[in-house]
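Where a number appears in this text, it was derived from the coordinates with a stated rule and is not lab data. What you are looking at is a predicted structure, and each value in this text was computed from that prediction instead of being measured.
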Amino acid sequence: MRTTNADWNMLDSLAPIILSNVKGCVVDIGIGPSTQILFKHSQILKREHYSCDVKKRRCDWAKEIGIPNVFCGKSFDFIKQFPKISVALVFIDGCHDSEVVMKETEFFLKKLVLGGVIFLHDTYPPFDRLKHCGTVWKVRQEMERSEVQTFTWPYTAVDRGLTMLMKKIPGSYYMR
């Protein structure tokens, strides 16, 4: 798998900032070019890295590049066996069904450390790419109405949108 920096420059720029400021592991659901970027930062900042995908060839590729914790199977099975550890950064780009992505998001929001981030891919697709992105954009819309801070870059991540989610700090200005 080949990473195109122009497509993933936002993730590549933000990951080291986030990981330099919060403790916890890195998780990516849906192995692809983003995996390589996140694994690079996991190694530099000495963080555990967990990857999950349903496609064996993607899991094999992740193992080949050195990721020790690769789960080959559905994300719900991955979540069931996920260790009781803190999470600093999550990247979700596996299934493109809003119900599945919402459950993955809710699970990892509970494990996310204060200051940690969840990234959702395919959250702002142009109409000509809608079929490739499924209904993930619905999760972005739902999260915008929740007690989670959201920010979306619509024209990054292969022009399909990248949304960042953070827990709101109780009692902070953002909760008002």
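Values for this structure:
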item	result
Principal axis dimensions, largest first and in whole angstrom, of the chain by Cα	47, 39, 31
Amide H contacts under 5 Å for residue 168, placed H, 5+ residues apart	149
Given 103/168; 40/168; 23/111; 111/168; 56/167, the pairs whose alpha carbons are separated by over 21 Å	40/168; 56/167
